[in-house]
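Just so you know, all these numbers are worked out from the coordinates, no wet-lab data involved. Only a predicted model underlies this, so the values are computations on that prediction, with no experimental measurement involved. FYI the Cβ positions are ideal-geometry reconstructions off the backbone, even for glycines, and counts take in every protein chain you see.
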Amino acid sequence: MSDISENIEYNLDTIQYTIPNYGFSDPYELAQYVNRIIAVGLCILVHLNVIIRLLFCNKNRVTSDYQILIIIQSAINLIACVSELVLNEIQTLNIRYLKIGHPFWQFTSTERLIYTLIMAVSSNSTQDFLMLFNLHRLIMIRRRSNLLTLYMIALPLMVIGSCMDAIESYPLILVSLCIYVYVQVI
């Protein structure tokens, strides 16, 4: 635990922080903030469009495993985008100046921890599903009989990997929560 407090003190000494929801340092930061909201909003619209078109335009009839993978991948990306939009943390272009949070709501530290864990796990799961998606296509081209073996190996590894990502990101999230609390007190 002392390593975390030493790390916090080091970070607080080397990086300048500002109070969340308290103005912008320059017009570039405002442009970056607006760009982030637009980009995440468009990401949500794209993935909603994919899910709606595949499910509802086909009258809730999914015709192939490939379409199921696309729907799952879009659903996970949608969860990641929504959690990023809810947390809405940005870092400015100036590396030494870190802006922590411009959230739309004020969260307790437990809520912030839960949302950040959801964001970390879902963001990493998007990469896992992209890998699974590509392996699925490769096996469909080569030998369809190996598809079940792929899923028997890949799905448990993906679940274990997501759990390990959450465990690994937990101390980092706690450090950022301490910094966030410090910033709110100032």
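Structure summary
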item: Cβ-Cβ FRET estimate between Ile38 and Glu111, R0 fixed at 22 Å, reported to 0.05; result: 0.30
item: Packing-based ranking, highest mean first, of 46-55, 145-154 given that Cβ atoms within 10 Å are counted; result: 46-55, 145-154
item: Whether the stretch 37-77 is rounded, prolate or oblate, judged on the alpha carbon gyration tensor where a/c under 1.5 counts as rounded; result: oblate
